[in-house]
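Below is one structure, written out as structure tokens, with a few remarks after it.
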Amino acid sequence: MTMFQGTSFNPQTLALMRRVLEEAVETLPYPVPSGCVQALARNIIDLAAQGERDPQLMKLLALLALRSRSTG
């Protein structure tokens, strides 16, 4: 994943990203395909790399990006 090369996060941000990912996955119908989880994770990493730290906004934006990916 070259797009994230050189990006690093502190432990607090990593914990936040993990929580956001878990909460986002919980909103999806079971079973959640691994491709969806990976796409959500990429979206969350991208948002965090841009400086976003609001967990609700991160979750919303990651889910919206997933939705637009699946319908676009």
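The values are calculated or read from the model by the stated rules, or taken from the named source; none is laboratory data. On a predicted model such as this, the values are computed, not experimentally measured, just so you know. Neighbour counts run over all protein chains shown; Cβ positions are idealised from the backbone, glycine included.
Structure data summary
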| quantity | calculated |
| --- | --- |
| Residue, modelled with the lowest pLDDT, within region 46-71, restricted to residues that are in a helix (DSSP H, G or I) and of a type in the set (D, E, K, R) | 69 |
| Region 24-57 - residue that is charged (D, E, K, R) and within 19 Å of residue 68 (Cα to Cα) and, of those, surrounded by the fewest Cβ atoms within 10 Å (Cβ to Cβ) | 26 |
